[in-house]
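Enquirer: The structure's right below; bear with me while I get my questions together.
The values are calculated or read from the model by the stated rules, or taken from the named source; none is laboratory data. As the structure is a computational prediction, the values presented were derived from the model and not from experiment. Heads up, the Cβs are rebuilt from the backbone with ideal geometry, glycines too, and the neighbour counts pull from every protein chain shown. Side chains included, ligands, DNA and RNA excluded: accessible areas come from the protein's heavy atoms. Shrake-Rupley method; radii C 1.70, N 1.55, O 1.52, S 1.80 Å.
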Amino acid sequence: MLTISDLLAYDTSPFSIAHAAADMPAADMNEAKNEDEQPKLFETEPPPWELVDAEEIMSASIVFAEAPHGPFDYKVPGPLREHVQAGMRVHVPLGKRKQPLTGWCVETKVQTLRGPALRDVIDVVDSEPLCDAQLVQLVLWISHYYQTPAGVVFDTLVPSGVRAGAGTREQKLFTADPQSLDDRIVDALPPKQRSALRFLIAAAKPMTLAQWTVEAECTESPIRQLHRKGLVRIQTRRVMSHETHVARRIGGDESVKIETLSDEQTVALASVVAAIDSGKAKTLLLHGVTGSGKTEVYIRAIQHVVRFGRSAIVLVPEISLTPQTRARFECRFEGVAVLHSQMSPSERHFQWQRIRSGEVQVVVGPRSAVFAPLPRLGLIVIDEEHDGSFKQDTQPRYHARRVAHRRANLAGIPLLLGSATPSMESWHATRTGHAELIRMDHRIANRPMPNVQLVDLRQRDDRSRGAISRPLATAITQTLRDDGQVILLLNRRGFATTIQCPACGHVVACPECDLPLTHHRDGSKALCHYCDYTIATPPWCPACRFDGIRYGGLGTQRLEVEVKARFPETEIARMDSDTMRRPGSHQKVLSAFRSGEIRILLGTQMIAKGLDFPNVLLVGVINADSALHFPDFRAAERTFQLVTQVAGRTGRGDRGGQVIVQTFSPDHPAIIAASHHDFVGFADGEMIQRRKFNYPPLGSVARIIIRGPVEETTEAFAIKMMDSLEAARAKLGAEVRLLGPAPPPIAKLRGKFRFHILLQSTSNAVLGETIRRGTATLTTPAKDEIQYVIDIDPMDML
Ligand code: ADP
Ligand code: ZN
């Protein structure tokens with residue numbers, strides 16, 4: 001029998017392994033979509049095909065969000081031939097569904113068809129492609145690598161505001177009908193109509209009614225007559241309805257011109273320029289200590305690219321946290337598009353159109369900016385490339401670094417990664433010849449790295465006095481006396497991290513997640529940081545009614561109270577996701593800090609990133625261990641990064657700076673290395689640890705999370721999945737280590753029980769294929785019973 005995949009031989013895609021129809025699961029692996037209907041595609045095929053004689057047709061290969069496989073071929077009927085292109089959406093029938101579905105065209109071809117007839121494309125949604133050929137290739141790669149339906153990837157790539165045409169209106173455009181080329185017809189017209197028509201013909205471009213009446217100096221009435229006589233035609237097209245979105249530039253002292261590069265910057269720039277000029281894909285890692293001037297290297301490299309009429313993408317961790325970075329780009333380039341998470345759909349659409357039209361030279365934004373549809377991309381930069389925010393935690397669970405690497409390869413352009421604390425992945429790439437290492441070991445103007453002092457919290461004799469140890473308190477007092485500013489890092493928000501009854505030991509926990517609730521002082525509420533479940537904080541123990549429940553553990557709100565009590569005369573501000581809800585609030589706090597109005601800035605990792613304030617003379621880390629004891633092989637790496645990055649916020653001016661790190665683990669290699677600003681030492685030691693278990697970057701890891709409302713059936717399905725993966729491994733003869741199923745550290749989340757399976761291998765291709773095969777033969781129960789998520793290269797193990 002002829003299978004679908006025989007018909008769908010799609011040889012240019014990365015779907016190298018054809019799926020036999022029998023292997024195709026009925027399940028939808030798209031966890032995020034709320035479809036009440038399960039796709040019936042594979043149970044109900046074949047569709048009512050008829051056999052026809054060999055026929056030359058145009059066909060379109062279509063992918064869907066609702067079907068994990070594909071692409072599927074459809075016939076493009078004659079009238080649509082001119083209109084269907086790759087990168088556009090179309091309406092087509094799928095399976096036995098009554099309503100047509102929206103799918104994405106990934107390829108069109110003219111083929112001679114023998115055998116079953118194809119079903120027809122019904123109509124075309126877009127008037128022009130939303131993705132160019134390279135982005136279509138990128139989508140197919142992401143779909144394959146991250147095992148996500150290609151339609152879901154398209155929907156991620158093309159913002160919803162663009163798909164919905166947000167912020168657009170219809171515009172009517174007038175053009176002359178071919179009859180009007182005949183002078184005899186034109187000359188027979190009343191004079192007003194004749195002159196209006198001659199004007200339109202001479203203009204040789206479509207015009208709006210307003211343009212035409214103004215430029216031809218006529219009223220609407222002759223135009224109406226011309227239209228009635230069929231001498232002019234009206235076309236409609238969608239245009240942006242307001243052009244008022246042009247991003248507000250945030251100026252400030254960032255416009256300071258940097259005249260000469262440091263020697264290290266000069267050498268670094270030369271390497272990047274050489275890579276750009278080579279016209280080839282290449283990855284470069286700029287490992288530059290905090291304050292070494294990496295941003296200036298990015299800017300000059302981009303200027304080089306722009307000089308040749310090309311453009312660049314700069315990925316940064318959430319841009320609202322780093323208004324300075326944004327300002328630096330905005331004052332150095334004409335066409336900058338800044339993308340951020342607080343944009344409205346129509347704003348996003350507006351920026352997207354600007355980017356696509358070629359008027360934008362530089363796109364600055366978070367991970368999704370890696371998809372910016374720049375027509376002549378010349379360079380991709382990822383600043384703070386180690387940052388966890390570059391991995392998306394919903395489907396498709398892509399990592400922007402990996403996607404950027406792919407895109408750069410497809411485009412044949414360099415990828416420039418920069419960090420003071422490179423990820424182990426990028427570091428390893430420089431050691432294995434996959435990336436070129438560029439080092440900047442010194443700060444600008446040869447400023448020294450700040451001195452870091454460790455305070456051993458185990459030895460502390462003043463513990464009753466709160467979160468701030470004596471040496472830190474003394475240093476704060478001294479800094480304030482010297483007119484300096486202070487940054488204090490505590491990576492837990494809320495007031496108290498546990499609410500516990502001292503009489504019976506009961507801990508107030510989230511009923512949906514079984515995890516302790518955090519007490520928030522504002523509004524006296526207790527909330528779950530995983531699902532936002534919120535209750536009024538109970539005044540007595542809900543279990544034994546004991547009146548005297550205790551708030552344990554330290555969050556930023558409690559720290560704020562303590563700092564205010566100790567330094568009552570001092571203006572302080574707290575930055576965490578609770579105080580930074582409103583758009584623009586980061587900027588407000590940061591500019592008050594810059595002006596010196598705020599003297600002490602305390603907060604979560606938000607304040608650890610990228611800030612450049614020369615008057616910060618002291619950085620205090622309240623508890624360096626907060627990230628250290630997570631059951632995750634990246635715990636040490638994260639701790640090293642956090643401490644090094646926040647330490648790097650001081651000593652950026654001429655007055656030097658110092659760092660005080662409070663810790664219960666002063667002997668931990670990550671903390672020792674961070675206190676010496678010793679990335680290479682840390683990385684060498686860490687690599688030895690990773691090698692022991694073949695953890696990334698030495699091997700690949702994937703994680704499958706299975707969840708459901710009933711613990712037993714969820715576990716039973718997890719075991720079934722494990723069996724299926726084991727069978728796939730055996731069949732492939734693959735060297736893959738399978739672990740689990742087991743409850744992950746967060747064993748219950750939002751009312752669902754969770755199990756996970758970990759897979760490890762030295763080859764990500766083998767790993768991916770094992771999962772693909774292992775899940776393909778598995779029949780998934782109904783969606784409200786069990787869901788599973790495949791996370792390739794997971795960044796968290798919780
Ligand atoms: P990094 O990102 O490496 O931590 P930045 O790019 O923030 O460092 O640069 C640190 C500071 O040095 C900034 O204030 C920047 O304006 C300044 N700077 C960068 N390059 C030069 C230079 N060549 N001359 C003078 N100042 C510079
Ligand atoms: Zn919860």
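Matching residues to (1) in a strand (DSSP E or B); (2) at pLDDT below 95; (3) open to solvent by less than 60 Å² (accessible area, probe 1.4 Å); (4) touching a Leu at 6+ places or on another chain (Cβ under 6 Å):
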site: Pro631; (1), (2), (3), (4): no, yes, no, no
site: Gln645; (1), (2), (3), (4): no, yes, yes, no
site: Arg652; (1), (2), (3), (4): no, yes, yes, no
site: Ile671; (1), (2), (3), (4): no, no, yes, no
site: Ala674; (1), (2), (3), (4): no, no, yes, no
site: Asp684; (1), (2), (3), (4): no, no, no, no
site: Lys692; (1), (2), (3), (4): no, yes, no, no
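Enquirer: Might you check whether a residue that is at positive phi and more than 16 Å from ligand 2 (Cβ to nearest atom) occurs anywhere in the range 556-578? Working first, answer last.
Expert: Filtering the range 556-578 for residues at positive phi gives none.
The answer is no, given that none of the residues of the range 556-578 is at positive phi and more than 16 Å from ligand 2 (Cβ to nearest atom).
Enquirer: If we scan the range 710-720, do we find a residue that is touching a Lys or Arg at 6+ places or on another chain (Cβ under 7 Å) and either crowded, with 19+ Cβ neighbours inside 10 Å or under 30 Å from Leu759 (Cβ atoms) (or both)?
Expert: yes
Enquirer: Report, by residue number, each residue of the range 517-537 that is within 16 Å of ligand 2 (Cβ to nearest atom), of a type outside the set (A, V, I, L, M) and open to solvent by less than 60 Å² (accessible area, probe 1.4 Å).
Expert: Thr518, His519, His520, Cys528, Cys531, Thr537
Enquirer: I'd like to verify a number: residues in the range 237-294 that are of a type in the set (Gly, Ala, Ser), modelled with pLDDT of 90 or more and more than 10 Å from ligand 1 (Cβ to nearest atom), how many? Before the answer, list the steps.
Expert: The initial filter retains those residues of the range 237-294 that are of a type in the set (Gly, Ala, Ser), namely 241, 247, 251-252, 255, 262, 268, 270-271, 274-275, 278-279, 281, 288, 291-293.
Restricting the remaining residues to those that are modelled with pLDDT of 90 or more gives 262, 268, 270-271, 274-275, 278-279, 281, 288, 291-293.
So of that shortlist, the ones also more than 10 Å from ligand 1 (Cβ to nearest atom) come out as 268, 270-271, 274-275, 278-279, 281.
So the answer is 8.
Enquirer: Tell me, yes or no, whether the range 494-508 has at least one residue that is within 16 Å of ligand 2 (Cβ to nearest atom) and touching a residue at least 60 places away in the same chain (Cβ under 8 Å).
Expert: Keep residues of the range 494-508 that are within 16 Å of ligand 2 (Cβ to nearest atom), which gives 494, 497-499, 507-508.
Checking the rest, the ones that are also touching a residue at least 60 places away in the same chain (Cβ under 8 Å) come to 494.
The answer is yes; a qualifying residue exists.
Enquirer: What are the residue pairs meeting all of these: first residue in the range 422-443, first residue over 17 Å from Arg401 (Cβ atoms), second residue in a loop (DSSP other than H, G, I, E, B), Cβ atoms under 6 Å, and 6 or more apart or on different chains?
Expert: Cβ pairs passing all conditions: Met440/Ser292; Arg443/Gly291; Arg443/Ser292.
Enquirer: While we're on this one: Which one is nearest to Phe64 (Cα to Cα), of the residues in the range 98-126 that are open to solvent by less than 40 Å² (accessible area, probe 1.4 Å) and of a type in the set (Val, Ile, Thr)?
Expert: The extreme case among them is Val106.
Enquirer: Continuing with this model, one more query. Going by the structure shown, is Thr12 open to solvent by 30 Å² or more (accessible area, probe 1.4 Å) and modelled with pLDDT under 50? Write out each step before concluding.
Expert: Values: open to solvent by 30 Å² or more (accessible area, probe 1.4 Å): yes; modelled with pLDDT under 50: yes.
Yes: the conditions hold for Thr12.
Enquirer: Take Val789 and decide whether it is open to solvent by less than 20 Å² (accessible area, probe 1.4 Å) and over 27 Å from Glu66 (Cα atoms). Let's see the steps before the verdict.
Expert: Details: open to solvent by less than 20 Å² (accessible area, probe 1.4 Å): yes; over 27 Å from Glu66 (Cα atoms): no.
Spelling it out, it is not the case that Val789 is open to solvent by less than 20 Å² (accessible area, probe 1.4 Å) and over 27 Å from Glu66 (Cα atoms).
Enquirer: Assess whether Arg407 counts as being free of Cβ contacts under 8 Å to residues at least 12 places away in the same chain and away from ligand 2 (no atom under 16 Å from the Cβ).
Expert: Values: free of Cβ contacts under 8 Å to residues at least 12 places away in the same chain: no; away from ligand 2 (no atom under 16 Å from the Cβ): yes.
In short, no.
Enquirer: Would you pick out the residues in the range 564-574 that are open to solvent by less than 60 Å² (accessible area, probe 1.4 Å) and either of a type in the set (S, T, N, Q) or more than 21 Å from Thr498 (Cα to Cα) (or both)?
Expert: Going through the range 564-574, the residues open to solvent by less than 60 Å² (accessible area, probe 1.4 Å) turn out to be 567, 570, 572-574.
Once the filter is applied, which keeps residues that are open to solvent by less than 60 Å² (accessible area, probe 1.4 Å) and either of a type in the set (S, T, N, Q) or more than 21 Å from Thr498 (Cα to Cα) (or both), the range 564-574 yields Phe567, Thr570, Ile572, Ala573.
Enquirer: Would you be able to say whether some residue in the range 606-613 is touching a Pro at 6+ places or on another chain (Cβ under 7 Å) and either acidic (Asp, Glu) or over 26 Å from Val507 (Cβ atoms) (or both)? Outline the logic, then answer.
Expert: In the first step, residues of the range 606-613 are kept if they are touching a Pro at 6+ places or on another chain (Cβ under 7 Å); the result is 609.
Narrowing further to those that are either acidic (Asp, Glu) or over 26 Å from Val507 (Cβ atoms) (or both): 609.
Yes, that holds for at least one residue.
Enquirer: Let me ask something else about it. Which of the residues belonging to the range 300-327 are open to solvent by 10 Å² or more (accessible area, probe 1.4 Å) and over 22 Å from the mean Cα position of the chain (by Cα)?
Expert: Those that are open to solvent by 10 Å² or more (accessible area, probe 1.4 Å) and over 22 Å from the mean Cα position of the chain (by Cα): Arg300, Gln303, His304, Val306, Arg307, Phe308, Gly309, Arg310.
Enquirer: Moving on to the next point. Could you check the range 263-289 and list, in sequence order, the residues that are of a type outside the set (A, V, I, L, M), outside any helix (DSSP H, G or I) and out of contact with any Asp or Glu (no Cβ under 9 Å at 6 or more places or on another chain)? Break it down into steps so the answer makes sense when it comes.
Expert: Within the range 263-289, the first condition is being of a type outside the set (A, V, I, L, M), and the residues that meet it are 263-266, 271, 277-280, 282-283, 287-288.
The next check asks that each one be outside any helix (DSSP H, G or I); those that pass are 278-280, 282-283, 287-288.
Selection gives Ser278, Gly279, Lys280.
Enquirer: Is it true that Asp441 is open to solvent by 60 Å² or more (accessible area, probe 1.4 Å), of a type outside the set (S, T, N, Q) and within 23 Å of Gly648 (Cβ to Cβ)?
Expert: Yes.
Enquirer: Next up: Tell me, please, whether a residue that is part of a loop (DSSP other than H, G, I, E, B), farther than 30 Å from Ile142 by Cβ and free of Cβ contacts under 8 Å to residues at least 60 places away in the same chain can be found in the range 468-475. Write out each step before concluding.
Expert: The initial filter retains those residues of the range 468-475 that are part of a loop (DSSP other than H, G, I, E, B), namely 468-469.
When the remaining residues are screened for being farther than 30 Å from Ile142 by Cβ, the result is 468-469.
Now restrict to residues that are free of Cβ contacts under 8 Å to residues at least 60 places away in the same chain: none.
Scanning the range 468-475 turns up no residue that is part of a loop (DSSP other than H, G, I, E, B), farther than 30 Å from Ile142 by Cβ and free of Cβ contacts under 8 Å to residues at least 60 places away in the same chain.
Enquirer: If Pro68 passes every condition in (1) of a type outside the set (Phe, Trp, Tyr); (2) at pLDDT below 90; (3) over 31 Å from the mean Cα position of the chain (by Cα) but one, which one does it miss?
Expert: Result: Pro68 fails condition (3) only.
Enquirer: Only one of Leu725, Leu759 is away from ligand 1 (no atom under 16 Å from the Cβ), in contact (Cβ under 8 Å) with a residue 12 or more places away in the chain, open to solvent by less than 40 Å² (accessible area, probe 1.4 Å) and not in a strand (DSSP E or B). Can you tell me which?
Expert: Values: Leu759 fails: not in a strand (DSSP E or B).
Matching residue, one of Leu725, Leu759: Leu725.
Enquirer: Restricting attention to the range 394-415, report how many residues are in contact with a Ser or Thr (Cβ under 8 Å, 6 or more places away or on another chain) and more than 24 Å from Ala702 (Cβ to Cβ).
Expert: Selection size over the range 394-415: 1.
Enquirer: With respect to Val486, determine if the residue is assigned to a strand (DSSP E or B), away from ligand 1 (no atom under 16 Å from the Cβ) and hydrophobic (A, V, I, L, M, F, W, C). Before the answer, list the steps.
Expert: Numbers: assigned to a strand (DSSP E or B): yes; away from ligand 1 (no atom under 16 Å from the Cβ): yes; hydrophobic (A, V, I, L, M, F, W, C): yes.
Judged against the criteria, Val486 is a match.
Enquirer: Anything in the range 340-357 that is of a type in the set (Gly, Ala, Ser) and without any contact (Cβ under 8 Å) to a residue 24 or more places away in the chain? List them, or say none.
Expert: First pass over the range 340-357, keeping only residues of a type in the set (Gly, Ala, Ser): 341, 344, 346, 357.
Passing the criteria: only Ser357.
Enquirer: Right, next: Please indicate, with yes or no, whether at least one residue in the range 659-668 is buried (at least 23 other Cβ atoms within 10 Å of the Cβ) and closer than 19 Å to Arg594 by Cβ.
Expert: Residues of the range 659-668 that are buried (at least 23 other Cβ atoms within 10 Å of the Cβ), as a first pass: 659-663.
Then drop every residue that is not closer than 19 Å to Arg594 by Cβ, which leaves none.
No, every residue in the range 659-668 fails to be buried (at least 23 other Cβ atoms within 10 Å of the Cβ) and closer than 19 Å to Arg594 by Cβ.
Enquirer: For the condition at pLDDT 95 or above and within 16 Å of ligand 1 (Cβ to nearest atom), what is the one hit in Gly412, Gly418? Lay out the reasoning, then the answer.
Expert: Working: Gly412 fails: within 16 Å of ligand 1 (Cβ to nearest atom).
Result of the check over Gly412, Gly418: Gly418.
Enquirer: Would it be correct to say that Ala765 is in a loop (DSSP other than H, G, I, E, B) and surrounded by fewer than 14 Cβ atoms within 10 Å (Cβ to Cβ)? Talk me through it step by step, then tell me what you get.
Expert: On the way: in a loop (DSSP other than H, G, I, E, B): no; surrounded by fewer than 14 Cβ atoms within 10 Å (Cβ to Cβ): yes.
Spelling it out, it is not the case that Ala765 is in a loop (DSSP other than H, G, I, E, B) and surrounded by fewer than 14 Cβ atoms within 10 Å (Cβ to Cβ).
Enquirer: Out of the range 612-623, which residues are open to solvent by less than 10 Å² (accessible area, probe 1.4 Å) and either away from ligand 1 (no atom under 16 Å from the Cβ) or farther than 15 Å from Val486 by Cβ (or both)?
Expert: Passing the criteria: Leu618, Gly620, Val621, Ile622.
Enquirer: Within the range 489-516, take every residue that is buried (at least 23 other Cβ atoms within 10 Å of the Cβ) and out of contact with any helix residue (DSSP H, G or I) (no Cβ under 7 Å at 6 or more places or on another chain) and give me the one that is nearest to Pro745 (Cα to Cα).
Expert: Cys510
Enquirer: While we're here: Residues that are away from ligand 1 (no atom under 16 Å from the Cβ) and under 30 Å from Pro323 (Cβ atoms): which strands (runs of 3 or more DSSP E) entirely in the range 499-611 hold 2 or more of them?
Expert: Details: elements: 518-520, 525-527, 534-536, 550-552, 572-575, 600-603.
Where strands (runs of 3 or more DSSP E) fall fully within the range 499-611 and carry at least 2 residues being away from ligand 1 (no atom under 16 Å from the Cβ) and under 30 Å from Pro323 (Cβ atoms), they are 518-520, 572-575, 600-603.
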